[in-house]
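Quick notes on the structure that follows.
The values are calculated or read from the model by the stated rules, or taken from the named source; none is laboratory data. Since the structure is predicted, the reported quantities are computational estimates derived from the model, not experimental observations. Every residue, glycine among them, receives a Cβ derived from its backbone with ideal geometry; neighbour counts consider all protein chains shown. Keep in mind that these areas ignore ligands, DNA and RNA; they rest on the heavy atoms of the full protein, side chains included. Shrake-Rupley method; radii C 1.70, N 1.55, O 1.52, S 1.80 Å.
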2 protein chains.
Amino acid sequence: MTIENLALRTQCANAIRALAMDAVQAANSGHPGMPMGMADIAEALWRHRLRHDPADPRWMNRDRFVVSNGHGSMLLYALLHLSGYALPMEELRRFRQLHSRTPGHPEVGVTPGVETTTGPLGQGISNAVGMALAEKLLAEEFNRPGHEVIDHRTYVFLGDGCLMEGISHEACSLAGTWRLNKLVAFYDDNGISIDGEVGGWFSDDTPGRFEAYGWTVLRDVDGHDAAALDAAIERATAADRPVLVCCKTRIGQGSPNRAGTAKAHGEALGEAEIALTRQALGWSAAPFEVPAAIAEAWSARESGAALHKAWQQRFAAYAQEHPALARELLRRHRTDAPLTAKAEAALASAASGAEQRKSSVATRKASQQVLDEVGPAMPELIGGSADLTGSNLTDWKGHRALKGTGTGNHVHYGVREFGMAAIMNGLALHGGFRPFGGTFLTFSDYARNGVRMSALMKLPVIYVFTHDSIGLGEDGPTHQPVEHASSLRLIPDVDVWRPADATETAVAWRQALRRVDGPSCLLLTRQALPHAGDAGERIESIARGAYVLRRPEAECVALLASGSEVGVALAAAALLAQEGIEARVVSVPCMDVFERQDADWRHAVIPRHLPRVAVEAGSTGLWWKFVGEYGDVVGLDRFGESAPAGELFKLFGLTAEVVAERARRLLANAALANVKEAA
Amino acid sequence: MTIENLALRTQCANAIRALAMDAVQAANSGHPGMPMGMADIAEALWRHRLRHDPADPRWMNRDRFVVSNGHGSMLLYALLHLSGYALPMEELRRFRQLHSRTPGHPEVGVTPGVETTTGPLGQGISNAVGMALAEKLLAEEFNRPGHEVIDHRTYVFLGDGCLMEGISHEACSLAGTWRLNKLVAFYDDNGISIDGEVGGWFSDDTPGRFEAYGWTVLRDVDGHDAAALDAAIERATAADRPVLVCCKTRIGQGSPNRAGTAKAHGEALGEAEIALTRQALGWSAAPFEVPAAIAEAWSARESGAALHKAWQQRFAAYAQEHPALARELLRRHRTDAPLTAKAEAALASAASGAEQRKSSVATRKASQQVLDEVGPAMPELIGGSADLTGSNLTDWKGHRALKGTGTGNHVHYGVREFGMAAIMNGLALHGGFRPFGGTFLTFSDYARNGVRMSALMKLPVIYVFTHDSIGLGEDGPTHQPVEHASSLRLIPDVDVWRPADATETAVAWRQALRRVDGPSCLLLTRQALPHAGDAGERIESIARGAYVLRRPEAECVALLASGSEVGVALAAAALLAQEGIEARVVSVPCMDVFERQDADWRHAVIPRHLPRVAVEAGSTGLWWKFVGEYGDVVGLDRFGESAPAGELFKLFGLTAEVVAERARRLLANAALANVKEAA
C-alpha cells in the first residue's frame, strides 16, 4: 500500500468520523463513539470487499451488512450516503428528527440499504445468522453446477454489548454448528461500555468462547490499521467456518479528549471537542461536507453497477438453462408475493377438510394436519422448534430436518427461543423463506423482544406457541401461560390467533400465511378440543377475527370466548337453554384482526345491547373492552398449579357451570336495574 | 472404597432411580430420564458433601442446592425424602397431583428444602449465581476473624437445555468475573435433549466455553463412577473459581431399553420397562418402598443436626463477641421482616421532602433522590443496572460499586437484563438482601420471564425500568416502550408503579420496599415531570394505587391517567374549566394495587356515573375496564418514532388539547343519548 493510498484511506475513514460527530452534534443526541471507532474497519470492508449496488438495495445476491451495535447508526448512514445510496446529505443533517430517513437506530424499510432494524443488543448478530442460513439454504436449493447465482456473504459489526447479551450465545452457537462460513463478524473490542471500562463486568476470553462454538477467530487485529484489516478480511473470507474478527479499537477514535472513554459512547462531543478532533484528524471540510476526492473515492455506484450487471448476466444464463428454477427463485425473492394458487388450494383443502371431519383434536395436532397439506405446496416454508418438535408438532410429513452442517426445511433450534425468533427474523429479512417456529406459549417470554422486532420490521414470521393454557396440566405454573395471550396481543401489529377447533386452526394458518406485513402467533392447545359447530359459511367469518357461532332467536345474553373456552361457552349456552335462557356464543379467534374490522361488523358480532360474559383461560384485562363494565369475565389472573388439566379447569372455575352462573347473575342484575329504573 | 461400600452407594443411587420411575409411572406424567441419569452424582454430593439439616430447611448457613434442569424434579423430591426432610412418601405418591408438595417442577415455598422454582431453563443456574454472590457478600460484610459464620456453597445440577439458553451465558460470565469459587455446577452431559441427540443443534465445546468465562472446568468425569465423582467434588471444592464438573452420563441410566434415548426424557417408562429396569438394577423393593438399610444410609437427620448444632455454637461465640453484627445478620436473614424504623423514617422523609419541594424532576431522578435517603438506612439494599447506571440512576450517594472480584452494594451487571433478573431472584432467595436493578423499560422484554419468576416465587425484587414511554425520544421505536407497562401489569402478582411526580415516586418506593411477598416494577421517566399538585394528605392515597387529584364541585367528566400523562390530564382539565366543563382528575400510579382495594374506594375514586377518558402513553387495552365501553382512551397502540420527545407527544395526540377534545365529544354523545332517550 502506498503512503498516498494509505492517506486516502484514512481520510475516507475520517469522512465517516466527521459525518458522525457532526450529525450527533446537530441532533444533540446520538452515539459518536462507535462510528469513530469502527470507521477504519468500515472503510476496509465497504470500499474493498463488500459486493453491493447502491442503486438497487434489494439486489438478490448482494452481500448483507448488519450493524448489530445499532446505536452506531451514523456509521451506517455515513456509509450509505458515501457509497451512493439514495440517502442525501440533507437526511444526515436531519439525523434523529421526525420522519427523517436517519432515525436514532437503523430501521429497515425506512432507509434504503438498511438490512435490519437494530438497537436491542444481540439481535443484529442473530438476524445475521438467519441471513447466512438463508443464503446457504437458497444456494443449496437453487444453484446448479456452473451457476452460482446465490453466492454472497453476511457481514456484521458488533460490540461488547451484543456479546454480553445471552442471545449472542444462542445464535452464535448455532452458526458454529451449522458452519456458516459466509458469516463474518467484526468485534469492536474497545474495552468500553456505557458504565465504563468493561473489565469490571465483562472479562470473558471472547476469542476462546467463539472457538468453543466452532468459529474461526482472528485475534488481536488492529482495528485502525488498514493493511491489518485487509489481511484479516482476506483470511476471513477464505475460512470454512463463521469468522469472528477481533478488532482492537478506540471508541471515539480521533477525539483528543474523549477517545477511549465511556463519554464518547452516547453523547455529542460538543463544538470545542469537534474542532479539536477536526484538527487532530486533519479534516478541514465544513460540517456535512465531504471533499470531492473523498466522495469520489467512496462512491460504489459504478463498481456496484458492474457487479450487479455481471450477476444479471450470470442469472440470465442460469435462467436459460433452468427456466423453472429461475422463475421460482424470483418468486421466492419477492417478500410481498401473494400465495400461489397451489398454496391457496392446500389451505382451502385443509380448512374444508377440517370442517367436514368435525373431529375432536388438539389444535397443535390440527396445526400439523394443516402443515401436512401446505408443506408440500409451499417450498418457501421453513419450520422449526426450540427443542420441542414432538410437542409443538411443527414438523410435517415429508419435512427435512435441518441438523448440524446439513440442510433442510425444519430447523432444530435447540433450547433457544430468543435465538430462534431473531434467526427467523433474519430468514425473513433475507428473502426466499417464510419461517415459522415453535415453543411452549409460556416461553414466548424468552423470545418476546424478537416477536416485537418481527412486528416492528413488518416481517411475516409465524410463531407456533403450543400448550397455551393451564390445559398443559401437570408441568405446573412455570409452564402454564396465564398472561401470555393477552400480553402478545398488546404488542402492536402482532396478530394473535387462538383457534377453537381444527377449522379455526386452518383458517388461522391461512391468514397468517397470507399476511405479508407482520407476524402472527398461533396459540394452540395441548389437549383435544371438540369441533365448535357449523355456522354456515364460517370460514370467512373466522378470518374476520370474531364471529357468531350460536345465534338463538330470543337471545338475551352473549358469551364470548377464544380457543379451548369456546367449547366451555357452548356448553354453558346449552345449560342456560335448559332454563329458557338463550345465549349467543361468539368465538373470538383473533382479537387483533377483529379490532381492525369496521364498526358494523364489530357491533353485529358483539352487540352492545346484550349483557355479555367472556371466558378465556388467561388474563381477564383485555376482555372488558368487549363486555363493558357491567359485563363479566371468567378468566385467570393468578398463576396455575401442577395437576391434571381437567382438575385445573374445575379448580379455577373455567367451566360451563360457572359461566352459566355468571350469565344468570348478570341477567338478574340487569332485571334489578330495570325494576329500579321503573320505580 | 470397599466393594460393599460401593454396592451400598449404587443401591442408594438406585433408590432415587426407583422412586423417580415409580412416581412418574403413577402420575403417568413427568421426566424419569434426568433423575435416573444424575442419581449417582446426587448420591456423591448429598450423602458425602452437602452440609444441610433436613430438620431446618431455612438454616442460614446451609449449602444451597439448585436443580436447574427442573424437569428432573423427582430427583430432588427423592433426595429430600430420603435425606429426612418433611416430605413423606405419601407426597411422592402424589407426584404432580393437585396441591401435593411434589408439583411437576420444583416450587419454592411448596416443598421444604426446595431452594428455587425451576423449569424455565437456564434460570436455575442464574439464581444459583445470585445465591453464591449473596454468600460472598454476606461473608464479606458479617464474618470476622475467627468467626466464619457465613461459609457455605451453592451446588447446581444442569443439563444441555440450560447450557443452550442464552441466560446461562449471561449469568456464568458474571460468575467468572466475580470469581464465585463457592459455586459448583454439575453438567449432566448425556448428549440428549428432547429432539434427540444434541449433536445436531448443540456442538459447543462446553468446557472451552466455561474456561473462557474464567471457570475451573473438570472434564470427562464419569457420572456413574462414585470414586471419580468423589475426586471431582474434592477438587471442585478446593478451586479458587466457579467450577463446572462435566459428567458423562446416560439419560435414564438403568433402563435397558430407554437409557441413552430421548424417549427416556419426558414420559413414563411403562410397567414392563420398569420391571426390566428393577431387574437390571437389582432393585427388588416394591414401588415407593425403600429397604431399611438404604433408608438409614440416606438419612441426614443426625449428621445434619450435628452440623447445624456446631454452627449454632460458632454463631453463639460470634454473637458474644459481635452482638450488634449478630443481631443485624439475624434481622437480615428474615425475608418477611418489616422495614426498620430507620428505613421507614428515610422513606417518610423522602416522600414529604418531595411533596414540599414541589420540583419539576424526571421520576428517574426522583427515584435516585429517594435512594440517596434510603440507601444509608437500608444496608440490605443491593442495587444495580444492566449497563445503564447513569441513565437508570440506580446508584446513590455513598453506594459502593461491585465490579470484578470486589464487593459492593451496586452491581454492574453489564448488558444482561435477563441474567440480572435471575441473579436478583437468587439474591432474594438466599436472604440477607433486598435487590433492585435497572434497565430501560423496553428491555424488560429481555428479562420478562425473570420478572414472572420473581412473582411466582413471591420474591420482593424491585425492577427499576426507566425511559418509560415515547418520552425517551430520539432513540426511536426500538427503545420506546409502548405495550410494556400494560404487559407487565398482566403478570400475576407484579405491582407496576408508574408515578406521576417525585412524591408518587417516593411512595412507590415505599410500597415496593414494604412489600415482602412479591416484586414491584417502578416505571420512570427520562423527562422532567411537574409536581402533580397537593390533594391534602395524598401520600396515603397514592399508596392505594389511584386517587383523586382534582375534584371540582360540579364535575361532569373524569380524566384518568398515570405517570407523565397525569400532567396532560391536569392541563386538559384546565382547558375544559375555561369552558365551564369541570373535570375530575384521577391519578392511577398502580393499577394492580388499586384493583386490590375494596369496591367502595374504587368506585369513590373512579365513579361510574361520570363519563371517563383515560390517557397513558402506551397500550389502551387495560384502561377500558376503568372507563367503560362508552368511555374513551387516549393512548398509543402503535410503535413510536425517532424524534425529540416533545414532537412525539404531539404527533401521537398525547396532549391536553386532544384529551380535552375527547372529553367534549364524550359529553356531547352523552347529551345526545339523553335527548334520544327523552324523545
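Structure values in brief
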read-out: Of all DSSP beta bridges in the range A:341-529, antiparallel share, percent nearest 5; value: 10 percent
read-out: The range A:543-678 pair-distance distribution - Cα-Cα, 5 Å bins, rounded %; value: 2, 11, 21, 24, 20, 13, 8, 3, 1, 0, 0
read-out: Orientation-averaged projected area, Cα convex hull of the range A:3-305 (nm²); value: 14.7 nm²
read-out: Heavy-atom accessible area, 1.4 Å probe, ligands and nucleic acids excluded: residues of the range B:471-504 down by at least 50 Å² from chain alone; value: B:E474, B:D475, B:P477, B:T478, B:E483, B:L490, B:P492
read-out: Considering only the protein assembly as shown, percent of DSSP beta bridges that pair antiparallel, nearest 5; value: 15 percent
read-out: Accessible area (Å², 1.4 Å probe, nearest 10) - B:R364; value: 40 Å²
read-out: Helical mean residue ellipticity (222 nm; -39500 (n - 2.57) per DSSP H run of 4+; nearest 500) of chain B; value: -14000 deg cm²/dmol
read-out: Cα-centre dipole for the protein assembly as shown with unit charges at Cβ (Lys and Arg positive, Asp and Glu negative), debye to 20; value: 440 debye
read-out: Value in Å of the Kirkwood radius, where the range B:511-605 supplies the Cα pairs that are averaged; value: 14.3 Å
read-out: Dipole moment magnitude, nearest 20 debye, the range A:3-305 about Cα centre, only Lys, Arg, Asp, Glu C-beta charged; value: 320 debye
read-out: Projected area averaged over orientations for the protein assembly as shown, convex hull of C-alpha atoms, nm²; value: 52.1 nm²
read-out: Of the DSSP H helices in chain B, those whose Cα atoms cover at least 24 Å axially and whose Kyte score averages 1.6 or more; value: none
read-out: Computed E for B:L6/B:R219 - FRET, C-beta separation, R0 25 angstrom, nearest 0.05; value: 0.60
read-out: Lys/Arg +1, Asp/Glu -1 at C-beta; the range A:211-362 dipole; positive extreme among A:Q313, A:S349, A:T277; value: A:S349
read-out: Cβ-Cβ FRET estimate between B:W601 and A:E553, R0 fixed at 45 Å, reported to 0.05; value: 0.55
read-out: Hull volume in cubic angstrom per residue (convex hull over the Cα atoms of the range B:22-80); value: 92 Å³
read-out: For chain B, projected area of the alpha-carbon convex hull averaged over all directions, nm²; value: 33.3 nm²
read-out: Listed residues B:A44, B:G119, B:W59: farthest to the positive end of the dipole of the range B:3-305 (Cβ charges); value: B:W59
read-out: Where B:L325, A:L229 fall by accessible area, highest first, once all protein chains stay in place (1.4 Å); value: B:L325, A:L229
read-out: Positive-end residue, the range A:543-678 charge dipole about Cα centroid, Cβ charges, pick of A:L666, A:P552, A:W601; value: A:W601
read-out: Accessible surface, 1.4 Å probe, highest first, among residues A:T2, A:T439; value: A:T2, A:T439
read-out: Across A:K182/A:K403; B:K136/B:K342; B:K342/B:K365, pairs whose alpha-carbon gap is larger than 20 Å; value: B:K136/B:K342; B:K342/B:K365
read-out: Extension gain (nm, one decimal) between A:K342 and A:A668, 0.36 nm per residue minus Cα-Cα; value: 112.0 nm
read-out: About the Cα centre, charge dipole magnitude for the range B:341-529 (Lys/Arg +1, Asp/Glu -1 at Cβ), debye; value: 320 debye
read-out: Eligible aspartates and glutamates near A:K309 by straight Cα distance, threshold 13 Å, same-chain separation 8 or greater; value: A:D53, A:D56
read-out: Rounded percent of accessible protein surface that carbon and sulfur make up, chain A, 1.4 Å probe; value: 51 percent
read-out: Label geometry 7 Å along the beta-carbon vector: A:T405 inter-copy distances in nm; value: 4.1
read-out: Accessible-area ranking of B:R144, B:R638, A:R596, largest first, probe 1.4 Å; value: A:R596, B:R638, B:R144
read-out: Descending Cα extents along the principal axes, the range B:341-529, whole Å; value: 38, 37, 33
read-out: Nitroxide proxy distance, nm - points 7 Å out along Cα→Cβ at B:R58 and A:N28; value: 5.5 nm
read-out: DSSP-defined antiparallel bridges as percent of all bridges, the range A:543-678, nearest 5; value: 20 percent
